[in-house]
Amino acid sequence: MTHAALPPLPSDDAHPSACENCGTPLHGDFCHVCGQSTHSPVRNVAHAVEEVFESFWHLDGRIFRTLRDLFVPGRIANRYLGGHRVRYVAPMRLFVILTLLTFFVAKFVVQDAMQDVQPGQMVRTDDVATEFAQAQTVDEVRTMRDDALAGIAETRHTVGALPGVTPQLDIAAADVRAQAEARIAALAPDGAPPTAADAAASNVDAQAATTPAPHDVDIPMSGPPTIGGPIGERIERNIERFNNDPQIFVRALFGVAPTALFILVPLFAVLLKLLYLFQGRLYLEHVVVGLYSHAALMLALLLVLCGALASPWLATHAAWSTGIVGVAQILLLWAMPVYLLLMQKRVYGQSWPWTLVKFAIIGMAYFALFLSVAIPMAGYALYAL
């Protein structure tokens, strides 16, 4: 009895003659219609592992190649506009990746700037002892105490979620109550009649820590606000903090810079279009130049922000390196406009006089746009924390 011969099993290296996905006859390792590989991950373990890491290694290699050439002003933009696109990450994708990374780091910079502010500065408790000593009646002391505790409660609702702030606010509130009681005892040695405010003062801080206060209830403050209401008081405290430490706002400005740069890319392309109108380039070509130039700015800003985050740790563990980091940050900031100038000269190919004139016009207009977007965002970022 004879048996029909079974078809041989395909070997690990055997390639099908037609694409298993779309049926197109194959002439190599990839289908020229759908792009599927001839290697099957179900017949070879090595191919299965390769498939897991293929996208990662492929993208990773393109990113490193793109970042390497990004350091040369105008190289990628010229090659991309000239049709050599497969070697590099697309401009929009590269810009989004760098923006997300920079935005993530910038959030820590803004939060770190707020953590540098001491709660005592925000609630104005530095001179509480002096104010209590100047009070001549028990009622004055009680009024000052209630105002100080109300300021602490407002600060708790504003920045109490930041790490390390709540314990310091608890200490400040306990110190205010202790000093008030000591002054009351000095003014009324035989004891002053307790009031409802005295009973509330002993629990106001604990209740504030556990019960969120409604935002539509005005909290009494220590003095009439210049602008009006709790919002005016908060703005006044922010202005006072900025006067005491301008670096807070500077770091907040750097924190919102990624968002501002992301918003301004289309406007930057409009400026390029207007000043190079007679070159006949399409608007999307200027967008490509804007995306790659802003990607370079975002990369430099990311390095500056990383240095700002690392500086406190370096100051404690490697103080010798803080000066090096500071110099590197300054060089990166100065390199940004130089990079844009060289990129503009290389991409558009005009003479140096015309390039410098147009660069100055674009630079002044863009800087004004950047400040008009970034300053309100930085102010709101600090106000909202």
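Every number here is computed from the coordinates shown, using simple stated rules; none is lab data. All values derive from a computational prediction rather than experimental measurement. Ideal geometry is used to build each Cβ from the backbone, glycine not excepted, and the neighbour counts take in all protein chains shown.
Based on the mean of other Cβ atoms within 10 Å per residue, sort peptides 326-338, 258-270, 285-297 so the most packed one is first. Intermediate results must be reported in sequence, preceding the final value.
Working: 326-338: 13.2, 258-270: 18.4, 285-297: 23.2.
Put in order of decreasing packing, that is 285-297, 258-270, 326-338.
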Just want the ordering: Leu282, Leu169, from fewest to most Cβ atoms lying within 10 Å of their own Cβ.
Leu282, Leu169
Roughly what would the spin-label model give for Leu371 and Ala178, points 7 Å off Cα along C-beta, in nm?
4.8
Other-chain or far-sequence residues with amide H under 5 Å of Leu26's (modelled H):
Ala18, Cys19
Once a ≥ b ≥ c are taken as the square roots of the eigenvalues of the Cα gyration tensor of the stretch 289-385, is the result rounded (a/c under 1.5), prolate (a/b larger than b/c) or oblate (a/b not larger than b/c)?
oblate
Just to check I understand the Karplus step: with θ = phi - 60° and J = 6.51 cos²θ - 1.76 cosθ + 1.60, what whole-Hz values come out for the stretch 67-81, glycine and proline as x?
5, 4, 6, 5, 6, 9, x, x, 5, 5, 4, 5, 5, 5, 5
Residue order, fewest to most beta carbons within 10 Å, for Thr322, Thr130, Thr24
Thr130, Thr24, Thr322
Starting from the 7 Å offset along Cα-to-Cβ, what nm value, one decimal, do you get for the label separation of Phe71 and Val270?
3.6
For Lys273, give me every one of the lysines with a C-alpha distance below 20 angstrom, ignoring sequence neighbours fewer than eight places off in its own chain.
Lys345, Lys358
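How do the peptides 102-109, 131-138 rank, highest first, by the average count of neighbouring beta carbon atoms within 10 Å per residue? It would help to have the intermediate numbers written out before the result.
Numbers: 102-109: 19.1, 131-138: 15.5.
Packing proxy ranking, top to bottom: 102-109, 131-138.
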For Arg87, Arg75, what ranking results if the residue with the fewest other Cβ atoms within 10 Å of its Cβ goes first?
Arg87, Arg75
